[in-house]
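The next block holds one structure in the form of structure tokens; read it before the comments.
The values are calculated or read from the model by the stated rules, or taken from the named source; none is laboratory data. No experiment lies behind these values; they were computed from the predicted model shown. All Cβ positions, glycine included, derive from the backbone under ideal geometry; neighbour counts span all protein chains shown.
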Amino acid sequence: MNSKFKRITSTTALFLALAMAALYLPAGLAASAGNPSASPQQATAILTTSGNQSAIVNGTSANSGATIMPGAVIETPAGVGASLSMPGHFTLDLAPGSKVSVEFDGNSIKVTVIQGCVVLHTTKGTNGEVDTSRGEAGKTDGTKGGRLDICDPSIATAPASAEPTGGLSETGGVLIGAAAMTAAILVPILTGGNNPSNSAP
């Protein structure tokens, strides 16, 4: 009689354990699925400023090495250029005196130019778009990457790369080219068409 009672008790306990496991297993799986640590990590980009001077990100001073999140508003003071990069995806150069907002992830970046000029480089696999106050100003082809040079419509000059490479900027090249062209036009006029470098025999 005692052995039969023990068998009944053991069977009942096993049944109750299985029933409890079946009850709590779905809840445990749901909790794991909702765990933030299991979700994909949010995309970030790195800020670099010329001369490690400060730029403004969301109203706060930021220097080279600062982590930038999607939705950020970035401003560069006069004389300070900046570059925002997500390696393998894009590089965004901001000319001094610019202000932009950026939205990006691992597959795309959208830049809204509030003021100033930007140069956007995207790699293959990343779609790029630059908007201004007049709407969409340009897009890059995600199948092959590309480059966009965009200024706020109120600015007439072409954008210059903000990267502190130490070389001649595009704007500097334009000014030098313009000066050379002006000299080529003015010299014949001022000398009466004679070549000032030639001396009389």
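Does residue 58 count as modelled with pLDDT under 95 and either surrounded by 15 or more Cβ atoms within 10 Å (Cβ to Cβ) or farther than 23 Å from residue 149 by Cα (or both)?
Values: modelled with pLDDT under 95: no; either surrounded by 15 or more Cβ atoms within 10 Å (Cβ to Cβ) or farther than 23 Å from residue 149 by Cα (or both): yes.
Considered against the rule, which asks whether it is modelled with pLDDT under 95 and either surrounded by 15 or more Cβ atoms within 10 Å (Cβ to Cβ) or farther than 23 Å from residue 149 by Cα (or both), residue 58 comes out as no.
Within segment 36-48, residues that are among the hydroxyl-bearing types (Ser, Thr, Tyr) sit with their Cβ atoms under 8 Å from residues that are modelled with pLDDT of 75 or more and surrounded by 14 or more Cβ atoms within 10 Å (Cβ to Cβ), at 6+ positions apart or across chains, in these pairs: 44/68; 44/86; 48/64; 48/82; 48/83; 48/84; 48/85. When residues in segment 53-90 are screened for being touching a residue at least 40 places away in the same chain (Cβ under 8 Å) and of a type in the set (S, T, N, Q), 3 of them pass. Which ones in segment 91-110 are touching a residue at least 24 places away in the same chain (Cβ under 8 Å), buried (at least 18 other Cβ atoms within 10 Å of the Cβ) and under 12 Å from residue 45 (Cβ atoms)? Result: 91, 92, 102, 104.
Residue-wise test of (1) modelled with pLDDT of 95 or more; (2) within 25 Å of residue 133 (Cα to Cα); (3) not hydroxyl-bearing (Ser, Thr, Tyr); (4) not in a strand (DSSP E or B).
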{"residue": "28", "(1), (2), (3), (4)": "no, no, yes, yes"}
{"residue": "51", "(1), (2), (3), (4)": "no, no, yes, yes"}
{"residue": "65", "(1), (2), (3), (4)": "yes, no, yes, yes"}
{"residue": "77", "(1), (2), (3), (4)": "yes, yes, yes, yes"}
{"residue": "88", "(1), (2), (3), (4)": "no, no, yes, yes"}
{"residue": "100", "(1), (2), (3), (4)": "yes, yes, yes, no"}
{"residue": "111", "(1), (2), (3), (4)": "yes, yes, yes, no"}
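Going by the structure shown, is residue 88 out of contact with any Pro (no Cβ under 7 Å at 6 or more places or on another chain) and surrounded by fewer than 16 Cβ atoms within 10 Å (Cβ to Cβ)? Reasoning before the result, please.
On the way: out of contact with any Pro (no Cβ under 7 Å at 6 or more places or on another chain): yes; surrounded by fewer than 16 Cβ atoms within 10 Å (Cβ to Cβ): yes.
Taking the combined requirement at face value, the residue satisfies it.
When residue 81 is tested against (1) touching a helix residue (DSSP H, G or I) at 6+ places or on another chain (Cβ under 6 Å); (2) surrounded by fewer than 16 Cβ atoms within 10 Å (Cβ to Cβ), just one condition goes unmet, and that condition is (2).
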